[in-house]
Amino acid sequence: MILEAKGIKKSYGKRQNRTEVLKGIDLNIEKGEFVSIMGASGSGKTTLLNVLSSIDRVTSGHIFIEDEDMTILKDKQLAEFRKNDLGFMFQEYNLLNTLTVKENILLPLSIRNKKKAEVEEQFKLVAKELEIYELKDKYPSEISGGQQQRTSAARAYIHQPKIIFADEPTGALDSKAANNLLRKLQQLNDKSNSTIMMVTHDATAASYSTRVIFLKDGLIYSTLRKGERSQEDYYKEIMNTQSVLGGVGVES
Ligand SMILES: Nc1ncnc2c1ncn2[C@@H]1O[C@H](COP(=O)(O)OP(=O)(O)OP(=O)(O)O)[C@@H](O)[C@H]1O
Ligand SMILES: [Mg+2]
């Protein structure tokens with residue numbers, strides 16, 4: 001097991017304004033899983049991803065990554081862990097405009113003592129895999145949104161993190177660029193056995209993952225596994241569950 005969450009609760013605000021967003025979530029993720037988190041807007045998807053990835057602290061409960069309890073680490077230790085062992089992708093690509101594609105991708109490696117030849121080789125491998133190698137000397141403003149997001153995927157992956165966390169990574173892409181990115185993530189997951197947790201409101205995006213977790217009212221409402229199904233059948237099942245759940249609308 002790469003990630004284990006036990007009794008996760010998260011509240012925001014104080015006293016009368018206090019709202020409990022996560023009400024007790026238990027979750028086990030195996031190494032090599034590609035998991036989607038779905039649920040209505042405001043159901044707590046981002047909150048869950050943020051506490052699992054230690055961007056934010058839980059109110060109560062415990063999160064173990066490879067048996068290490070994240071919830072008892074000090075801020076400084078957590079920051080180190082995030083930097084060395086986790087990879088992140090967001091809806092906005094979060095690339096630095098003054099750095100080239102290559103420099104952006106190598107950013108997570110720069111602080112570590114790695115041999116130059118090793119770094120070059122790793123870069124080449126990942127950049128080719130994500131089909132951005134030819135763009136390595138361009139700046140973010142000179143490439144398309146899809147290419148920028150694949151650059152940010154390469155950056156999330158270059159240091160071979162234990163888990164990649166992605167919050168609506170296809171949110172700003174058209175469907176062609178989105179599917180291209182999702183196929184790449186699927187390849188990283190398939191070939192390299194990397195573990196991915198992705199928040200999405202899009203059933204097509206979720207159909208690329210191996211398991212979908214649906215949130216409702218701060219709890220896990222249901223789980224779907226792809227299993228031996230075709231991607232199309234899996235997609236239909238995700239749509240069905242979503243419509244029972246109340247679709248993509250705002251949580252009431
Ligand atoms: N920092 C915060 N302070 C107070 N309330 C917050 C904070 N962050 C989120 N919330 C509230 O927690 C609830 C869940 O928010 P969250 O961002 O996790 O939802 P989401 O499922 O990611 O929604 P969306 O699909 O719109 O991104 C919402 O009601 C939101 O207003
Ligand atoms: Mg969100």
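The values are calculated or read from the model by the stated rules, or taken from the named source; none is laboratory data. Everything numeric in this text was worked out from a predicted model, so none of it was measured. Counting neighbours? That spans all protein chains shown, and the Cβs are built from the backbone with ideal geometry, glycine included. Remember, those area values only see protein heavy atoms, side chains included, never the ligands or the DNA or RNA. Shrake-Rupley method; radii C 1.70, N 1.55, O 1.52, S 1.80 Å.
Express in whole angstrom the spacing between the alpha-carbon centres of region 51-82 and region 166-207.
Cα centres, region 51-82 to region 166-207: 25 Å.
Specify whether the C-alpha gyration tensor of region 1-79 places it in the rounded, prolate or oblate class, a ≥ b ≥ c being the square roots of the eigenvalues: rounded for a/c under 1.5, otherwise prolate if a/b is larger than b/c and oblate if not.
Working: a/c = 2.04, a/b = 1.27, b/c = 1.61.
It comes out oblate by the Cα gyration axes.
Let me know the shape class of region 174-252, please: from the alpha-carbon gyration tensor, a ≥ b ≥ c as square roots of the eigenvalues, rounded when a/c is under 1.5, otherwise prolate if a/b is greater than b/c, or oblate.
Details: a/c = 1.73, a/b = 1.60, b/c = 1.08.
Cα axes put region 174-252 in the prolate bin.
Based on the mean of other Cβ atoms within 10 Å per residue, sort peptides 222-234, 18-30 so the most packed one is first. List each step's numbers first, then the result.
Values: 222-234: 13.5, 18-30: 15.8.
Listed from highest to lowest mean packing, they are 18-30, 222-234.
Got a sec to turn the phi values of region 45-61 into Karplus ³J(HN,Hα) couplings, 6.51 cos²θ - 1.76 cosθ + 1.60 with θ = phi - 60°, whole Hz, x for Gly and Pro?
Listing the rounded values in order: 4, 5, 4, 4, 4, 5, 6, 5, 9, 6, 5, 10, 8, 6, 7, 8, x Hz.
Roughly how many Å² of Tyr235 are accessible to a 1.4 Å probe, to the nearest 10?
The value for Tyr235 is about 70 Å².
Roll a 1.4 Å probe over the protein chains and send me the accessible area per residue for the chain in Å².
Numbers: 12510 Å² over 252 residues.
Per residue, the chain has 50 Å² of solvent-accessible surface.
Can you check what the net charge comes to around Ile238, using other residues whose Cβ is under 12 Å from the Cβ of Ile238 (Lys, Arg +1; Asp, Glu -1)?
Details: positive: Arg211, Arg225, Lys226, Arg229, Lys236; negative: Asp202, Glu232, Asp233, Glu237.
That works out to +1.
If the convex hull of the alpha-carbon atoms of region 12-126 is projected onto planes in all directions, what is the mean projected area in square nanometres? Please list the in-between numbers first.
On the way: hull surface 40.5 nm².
Mean orientational projected area (region 12-126, Cα hull): 10.1 nm².
log₁₀ I(q)/I(0) of region 111-222 at q = 0.14, 0.17, 0.21 Å⁻¹, via Debye over equal Cα point scatterers, no solvent, to two decimals?
At q = 0.14, 0.17, 0.21 Å⁻¹ the computed log10 ratios are -0.61, -0.86, -1.21.
For the chain, take N as its residue count and report Rg(C-alpha) divided by 2.2 N^0.38 Å.
Here the Cα radius of gyration is 1.01 times the empirical estimate.
For region 3-245, give the percent of accessible area contributed by carbon and sulfur heavy atoms, probe 1.4 Å, rounded to a whole number.
Numbers: 5400 of 11890 Å².
Accessible surface attributable to carbon and sulfur in region 3-245 totals 45 percent.
Counting only other residues whose beta carbon sits under 13 Å from that of Glu66, what net charge do I get with K and R as +1, D and E as -1?
On the way: positive: Lys31, Lys162; negative: Glu4, Glu30, Asp67, Glu68, Asp69, Asp85.
Spelling it out: positives minus negatives among the neighbours equals -4.
Where nothing but the Cβ of Lys and Arg (+1) and of Asp and Glu (-1) is charged, how large is the charge dipole of region 18-90 around its Cα centre, in debye to the nearest 20?
On the way: 9 positive and 12 negative charges, 81 e Å.
Computed charge dipole of region 18-90: roughly 400 debye.
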